[in-house]
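Input: a single structure, listed below in structure tokens.
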Amino acid sequence: MGSRDPHEVGVGSRLMVDLIAECYDAHLRHNARGKLLDLGCGKVPLFLAYKDYVTENICVDWEHTSHQSEHVDSECDLTTTLPFEDGEFDTILLSDVLEHVPQPEPLWGEISRLLAPGGRVIVNVPFYYWLHEQPYDYYRYTEFALRRFVERVGLRLLRLDPIGGAPEIVADIFAKNVLRVPWIGRSLAALSQSLTRFVIRTKLGKKVSEATRDGFPFGYFLVAQKPGGWPRADARV
């Protein structure tokens, strides 16, 4: 579950953050290892989720980030060549970042270059989601665009899962707009997301969410691997 600190996660974004956190909780243990590069790291919200699976982490962000953090190791423009060696990383993390990169193709090329043989990149992106971090919000990617990125740089797709469906999208839109209502807006936003979270865990609610997520995905979660051997011998599985 995501943070309930309103300074870290807006009240209207709690459901979305919870869904993404569940994906990482379920899959980091199987895919994060060795030396990890956290691209567009922000305040490094996933550090506690991956720290036990890796031997080292390098955190990268750019100078225009709205999430200033003392944990950034290097300021980089993700549209340029990154200052790291070929095959240096066993894991690369790109969480809620790709939509903010104006030229995504070079970044995918860099990801492929930086991954060690057998290394994995873990990505999540929004799809039916509001404009955020303006004016640096450029794209929404379908599953077909994500598959194309992976294939064009020679990576092997391990999983590409839609996150959420129509109920989650409706709840998110309602929560973000009801926040404008004086006095009760924040309470209504929190309540609507909590109710939706409860409903999608019921048999019927889960069925509706799963039946609609292919056509109305809230976002996507992706894992891809660089061909070759497993990560270096010092990588922790």
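Read-outs throughout are calculated quantities, based only on the coordinates presented, and are distinct from any laboratory measurement. Note that the coordinates shown come from a computational prediction; the quantities given were computed from them, not determined experimentally. Virtual Cβ from ideal backbone geometry, glycine too; neighbours counted across all protein chains shown.
Tabulated results
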read-out: Net charge over other residues, Cβ less than 12 angstrom from the Cβ of Arg159 (K, R count +1; D, E count -1); value: +1
read-out: By average C-beta atoms within 10 angstrom, highest first, the peptides 33-40, 174-181; value: 33-40, 174-181
read-out: Free-standing Cys residues across the chain, given no other cysteine C-beta under 4.7 angstrom; value: Cys23, Cys76
read-out: Residue order, fewest to most surrounding Cβ atoms within 10 angstrom, among Val11, Val101, Val208; value: Val208, Val11, Val101
read-out: Pairwise Lys count, the chain - Cα closer than 29 Å, eight or more residues apart or different chains; value: 10
read-out: Translational D in µm²/s for the stretch 25-107 (Stokes-Einstein at 10 °C, 1.306 mPa s, Kirkwood Rh from C-alpha pairs); value: 120
read-out: Expected-Rg normalisation [2.2 N^0.38 Å, Cα atoms] applied to the stretch 19-59; value: 1.07
read-out: Those chymotrypsin sites (Phe, Trp or Tyr not before Pro) in the stretch 98-136 that DSSP places in a loop and that have at most 16 other beta carbons within 10 Å; value: Trp130, Tyr136
read-out: Backbone N within the stretch 121-141 under 18 Å of label point (7 Å from Asp77 Cα along the Cβ vector); value: 135-138
read-out: Approximate spin-label separation Ile173-Glu143, in nm, with each point projected 7 Å along Cα-to-Cβ; value: 2.1
read-out: Kirkwood-Stokes translational diffusion coefficient of the stretch 149-197, alpha-carbon pairs, 10 °C, 1.306 mPa s, µm²/s; value: 122
read-out: Qualifying GluC sites (Glu not before Pro) in the stretch 11-74, DSSP loop, other Cβ atoms within 10 Å at most 15; value: Glu63, Glu70
